[in-house]
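Working notes for the structure below.
The values are calculated or read from the model by the stated rules, or taken from the named source; none is laboratory data. The model shown is predicted, which means the values in this text are computed figures rather than measured ones. Here the Cβ positions follow ideal geometry from the backbone for every residue, glycine too, while neighbour counts run over all protein chains shown. SASA here: full protein model, heavy atoms, side chains in, ligands and nucleic acids out. Shrake-Rupley method; radii C 1.70, N 1.55, O 1.52, S 1.80 Å.
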Amino acid sequence: MSQESDRFGDDLAVKEGRPKLKKPLLYRVILLNDDYTPMEFVVIVLERFFAKPRELAVQIMLHVHQKGAGLCGIYPREVAETKVKQVLEFARENKHPLQCTMEPE
């Protein structure tokens with residue numbers, strides 16, 4: 001009987017496999033310039049929803065103003081979608097036409 005058990009590989013070790021996890025796709029959240037939203041409001045948005053310090057928020061706001069668009073941050077899809085919705089709702093509540101979008105990185 002011992003010869004038969006050796007023949008069927010009872011001494012083999014089973015290696016447990018681990019699933020390979022993919023990094024989530026990231027998305028760029030972008031503010032778009034318009035001629036009506038006050039610059040200070042854009043700074044407030046950057047501080048409140050993107051946790052930017054005042055100086056950096058002002059720099060991003062000026063970039064949006066001068067170049068037409070500016071990067072607010074790079075996030076996983078669900079986080080980016082939430083931030084876009086929050087910004088659009090906040091702008092609408094304050095009667096500003098500020099637009100915010102997201103695109104794949």
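Laid out as a table, the results:
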{"item": "Residue 47 accessible area, 1.4 Å probe, all protein chains in place, Å² to nearest 10", "result": "60 Å²"}
{"item": "Stretchable slack from residue 51 to residue 88, in nm (0.36 nm times residue separation minus alpha-carbon distance)", "result": "11.7 nm"}
{"item": "Estimated distance in nm for a label pair at residue 63 and residue 103, the labels positioned 7 Å out from Cα along Cα-to-Cβ", "result": "1.4 nm"}
{"item": "All Cα pairs of the chain, percent lying beyond 23 Å", "result": "41 percent"}
{"item": "The range 17-105: trypsin sites (Lys or Arg not before Pro) falling in loop per DSSP and having at most 12 other Cβ within 10 Å", "result": "20, 22, 95"}
{"item": "For the chain, accessible area per residue (1.4 Å probe, heavy atoms of protein chains only), Å²", "result": "78 Å²"}
{"item": "Percent carbon-and-sulfur accessible area, the chain, ignoring ligands, DNA and RNA, probe 1.4 Å", "result": "53 percent"}
